[in-house]
Amino acid sequence: MKYWSILFLLIGFTLSCKQKVVKQQQVSLLKGEYNFRQLTSHEKQVYQESVEALYNKVLKPNHFNGGIIVAKNGEIVYEKYEGYSNFSTKENITPNTPFQIASISKTFTSAAVLRLWQQNKLSLDDSIQKFFPLFPYHNISIKLLLTHRSGLPKYEYFMDTAWHEKRKADNNDMLQFMISKQPEVYNQPNKTYHYCNTNYALLALVIEKVTGQPFPQYMKDSLFTPLGMKNSYVFSVKDTLNYVPSYMYNNAPYKLENLDCIYGDKNVYSTPRELLLWDRALYEGSFVSKQLLEIAFTPYSNERKSFHNYGMGWHLFINKEDKVVYHNGWWHGNNTAFTRLIKDTATIITLGNRYNRAVYWSWKIGAIFSGKDKEQELEE
């Protein structure tokens, strides 16, 4: 009760500040620009103090080890780095420390596919067989992979005990395993929503097939470098010698395992500041047009009525005009959260490298900008 009392007081103080805002932002669709209204120094101070209070309630007591950025109208109002990037060497986490962002990686894979569609290099209605004729599962389109409606099984389950090779499996190994072993499907195509990493690992292979480039190189050349994301990259087999582990509760490192080099569903490494550059690019439509992003932010899982849904590479929370576009991630000791409050032009980015589910609770900070708590928690 004490926590919520403090929260409501902070929200009330923030709302009084928000009421003075006449124009939140200006959008120019013709130029593809997104011009945020600049915050006043007073607004920045209010937001900074409010976020810090919640950080001290939600993350700090749970021994957060990582980095967090909270932005409003594209401006950083709070930034914090805690703990070690390497517990063995006691190297501190800095703004330039890249984290394995786990399933937030899907937002990049989805955008890359949409960009290729925008360039008329593929269609969302293309079947997997167009790219991989021997693929044994039929009636599965690119769109069904993007929306997690393929019904395919999860590679981390069907390969977990079956992959006995000493070498690390890559995406092509996963594909060939599916062709030769044909693991049982979860459901028929487009029957229901079923979150599945296999979908996005296959999409990375499609991107390679269409572009003629390895997925890590394509992402670097077409996205990371143009956006100025100098510390961001896709981890692959060639990076195993430079692997920096994430950590368990007791600070013991997670060793590199046989399925850790499969990408598309995970394995983008980035920083909070560089994910904020990604957030800005999404507002501007500079990588993918705003029209296609609206398609990505459209709900496709409507089997049951709920505030929660999934688009193309993004989780969605929709309550009337209120829309939160977000994705969380988990892989080994990495817990990550990327939350975009579209109506309030606010973004919360939290990346951790020591297993800590409190990272997902950072969505609570959104109440400072929206003036209300979500009726239900965002999905992990």
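The values are calculated or read from the model by the stated rules, or taken from the named source; none is laboratory data. Just so you know, these numbers come straight off a predicted model, no measurement behind them. Virtual Cβ from ideal backbone geometry, glycine too; neighbours counted across all protein chains shown.
Given the structure, is Gln26 at pLDDT 95 or above and over 30 Å from Ser246 (Cβ atoms)? When the stated conditions are applied, Gln26 does not pass them. Across region 66-100, the qualifying residues are those that are polar (S, T, N, Q) and under 30 Å from Asn199 (Cα atoms), and the one among them that is surrounded by the fewest Cβ atoms within 10 Å (Cβ to Cβ) is Thr97. Listed conditions (1) in a loop (DSSP other than H, G, I, E, B); (2) touching a Gly at 6+ places or on another chain (Cβ under 7 Å); (3) small (Gly, Ala, Ser) are all met by Ala162, apart from (2).
Considering each of Met248, Met159, Met174 in turn, give the residue that is over 23 Å from the mean Cα position of the chain (by Cα) and of a type outside the set (D, E, K, R).
Met159
Is there a residue in region 364-374 that is in contact with a strand residue (DSSP E or B) (Cβ under 7 Å, 6 or more places away or on another chain), closer than 18 Å to Ser103 by Cβ, at pLDDT below 95 and hydroxyl-bearing (Ser, Thr, Tyr)? For region 364-374, residues in contact with a strand residue (DSSP E or B) (Cβ under 7 Å, 6 or more places away or on another chain), closer than 18 Å to Ser103 by Cβ, at pLDDT below 95 and hydroxyl-bearing (Ser, Thr, Tyr): absent. Evaluate region 301-318: report whether one residue or more is crowded, with 18+ Cβ neighbours inside 10 Å, among the hydroxyl-bearing types (Ser, Thr, Tyr), modelled with pLDDT under 95 and over 18 Å from the mean Cα position of the chain (by Cα). Scanning region 301-318 turns up at least one residue that is crowded, with 18+ Cβ neighbours inside 10 Å, among the hydroxyl-bearing types (Ser, Thr, Tyr), modelled with pLDDT under 95 and over 18 Å from the mean Cα position of the chain (by Cα). Looking across region 135-151 at every residue that is among the polar types (S, T, N, Q) and part of a loop (DSSP other than H, G, I, E, B), the one that is farthest from Asp221 (Cα to Cα) is identified as Asn139. Total residues in region 261-290 satisfying the condition of being closer than 21 Å to Asn171 by Cβ and touching a strand residue (DSSP E or B) at 6+ places or on another chain (Cβ under 8 Å): the figure is 6. For region 161-195, a residue qualifies if it is among the β-branched types (Val, Ile, Thr) and modelled with pLDDT of 95 or more, and the qualifying residues are Ile179, Val185, Thr192.
If the Cβ limit is 6 Å and pairs must be 6+ apart or interchain, which residue in region 210-224 that is among the β-branched types (Val, Ile, Thr) pairs with which residue that is part of a loop (DSSP other than H, G, I, E, B)? Sorted first by the residue in region 210-224, then by its partner, the pairs are Val210/Lys121; Val210/Leu122. Considering only residues that are under 20 Å from Leu259 (Cβ atoms), among the hydroxyl-bearing types (Ser, Thr, Tyr) and either in contact (Cβ under 8 Å) with a residue 40 or more places away in the chain or crowded, with 16+ Cβ neighbours inside 10 Å (or both), which ones fall in region 179-195? Matches in region 179-195: Tyr186, Tyr195. Among the residues of region 196-216, is any surrounded by fewer than 18 Cβ atoms within 10 Å (Cβ to Cβ), modelled with pLDDT of 95 or more and on the phi > 0 side of the Ramachandran plot? Looking for residues that are surrounded by fewer than 18 Cβ atoms within 10 Å (Cβ to Cβ), modelled with pLDDT of 95 or more and on the phi > 0 side of the Ramachandran plot, one finds at least one in region 196-216, hence yes. Within region 101-134, which residues are surrounded by 15 or more Cβ atoms within 10 Å (Cβ to Cβ), part of a loop (DSSP other than H, G, I, E, B) and of a type outside the set (Asp, Glu)? Passing the criteria: Ile101, Leu122, Leu124, Phe131, Phe132.
Residue count for region 42-79 under the criterion of being within 23 Å of Tyr283 (Cα to Cα) and not β-branched (Val, Ile, Thr): the result is 12. In region 131-160, the residues that are in contact (Cβ under 8 Å) with a residue 12 or more places away in the chain and hydroxyl-bearing (Ser, Thr, Tyr) reach residues that are assigned to a loop (DSSP other than H, G, I, E, B) and crowded, with 24+ Cβ neighbours inside 10 Å with C-beta atoms within less than 8 angstrom, at least six apart or across chains, in these pairs: Tyr137/Ser150; Tyr137/Leu152; Thr147/Met312; Tyr155/Ile262.
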